[in-house]
2 protein chains.
Amino acid sequence: MKAKSKARFEARAKIIKAMAHPARLMIVDELSRRERCVRDLTEMVGSDVSTVSKHLSVLRNAGVVRDEKRGSKVYYILRTPCILNFMSCVETVIKSKAEEQLDLAK
Amino acid sequence: MKAKSKARFEARAKIIKAMAHPARLMIVDELSRRERCVRDLTEMVGSDVSTVSKHLSVLRNAGVVRDEKRGSKVYYILRTPCILNFMSCVETVIKSKAEEQLDLAK
DNA sequence: CTGTTCATTGGCAATTTAGCCAAATGACCA
DNA sequence: TGGTCATTTGGCTAAATTGCCAATGAACAG
């Protein structure tokens, strides 16, 4: 039982880890609006193409996005849009933390 | 504008990063049921106390949990229970990935 | 006061991650 | 065929993360 639940937490951590980077969050956010090719995402993120390509492979391996090749371009697509629900809670944490800071400052 | 949104993704990533570890997910999960002292959590996680203490400080710095000292013990409390909504989506990603694997195996 | 429990911190070695450049591959155009 | 654009991969270094042990400090029982 214990091993099983440990494995489950590891599986979850793997996915969350895939999201735990500003550039990758930016990518996920953009893909939530429309699919995008690597070129577009690279321009948006502002790093080297190779860096962005690696970020995308992290997201793909985690199952967060999938890719679709069309002609010479590769389009990336958000696989599970519920990922965005994530964000509203993360914002709550940020806000709650900000309030704490405020209290401390009093 | 761009810098502002970049800062926002960085803030979000910081919180998500704090969750991106199996032991810390286990802790958050446990704290969602009841507050716990370090001793209890250490036993549950099965690492050294010092390791667990550091995990807790990561979660505290991110604003995910808060601590409350009572006598010689320190209790940890989940600050924003919505964190758990996270998990249902993460499970969706896991399931969707499993289905993909299944398709590939055909 | 002394010994014990609870918890945090410093330090260290091993592992992982990030991001750049250069090279390789594939599609497409002229 | 040659050239160019789009993307991925290998290699490398710098930085961050993990987890253990040892040392420290606070609370408390006797």
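Here are a few things to note about the model shown:
- Those helices (runs of 4 or more DSSP H) lying entirely in the range B:14-84 with at least 1 residues among the hydroxyl-bearing types (Ser, Thr, Tyr): B:38-45, B:49-62
- Filter pass, B:Met26 being in contact (Cβ under 8 Å) with a residue 60 or more places away in the chain and in contact with a helix residue (DSSP H, G or I) (Cβ under 8 Å, 6 or more places away or on another chain): no
Yes/no matrix, rows are residues, columns are (1) within 15 Å of the chain's Cα centre (by Cα); (2) open to solvent by 60 Å² or more (accessible area, probe 1.4 Å); (3) within 12 Å of another protein chain (Cβ to nearest Cβ):
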{"residue": "B:Met26", "(1), (2), (3)": "yes, no, yes"}
{"residue": "B:Leu31", "(1), (2), (3)": "yes, no, no"}
{"residue": "B:Leu41", "(1), (2), (3)": "yes, no, no"}
{"residue": "B:Cys82", "(1), (2), (3)": "yes, no, yes"}
{"residue": "B:Ser88", "(1), (2), (3)": "yes, yes, yes"}
{"residue": "B:Lys97", "(1), (2), (3)": "no, no, yes"}
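- A:Ala18 away from DNA strand D (no atom under 12 Å from the Cβ), over 15 Å from A:Met87 (Cα atoms), out of contact with any strand residue (DSSP E or B) (no Cβ under 7 Å at 6 or more places or on another chain) and at pLDDT 95 or above: no
- Failed item, numbered, when B:Ser5 is tested on (1) surrounded by 15 or more Cβ atoms within 10 Å (Cβ to Cβ); (2) at pLDDT below 95: (1)
- For the range A:53-65, a tally of residues being within 9 Å of DNA strand C (Cβ to nearest atom) and within 14 Å of chain B (Cβ to nearest Cβ) returns 2.
- Members of the range A:37-69 found to be more than 9 Å from DNA strand D (Cβ to nearest atom) and without any contact (Cβ under 8 Å) to a residue 12 or more places away in the chain, listed by number: A:Glu43, A:Gly46
- Among the residues of this structure, A:Ala11 counts as one that is more than 15 Å from DNA strand D (Cβ to nearest atom), of a type in the set (A, V, I, L, M) and open to solvent by 30 Å² or more (accessible area, probe 1.4 Å).
- When residues of the range A:66-80 are limited to those that are open to solvent by less than 30 Å² (accessible area, probe 1.4 Å) and either aliphatic (A, V, I, L, M) or within 14 Å of chain B (Cβ to nearest Cβ) (or both), the one farthest from A:Asp40 (Cα to Cα): A:Thr80
The values are calculated or read from the model by the stated rules, or taken from the named source; none is laboratory data. Only a predicted model underlies this, so the values are computations on that prediction, with no experimental measurement involved. Cβ sites come from the backbone with ideal geometry, for glycine too, and all protein chains shown count toward neighbours. The accessibility values were calculated without ligands, DNA or RNA, using every heavy atom of the protein model including side chains. Shrake-Rupley method; radii C 1.70, N 1.55, O 1.52, S 1.80 Å.
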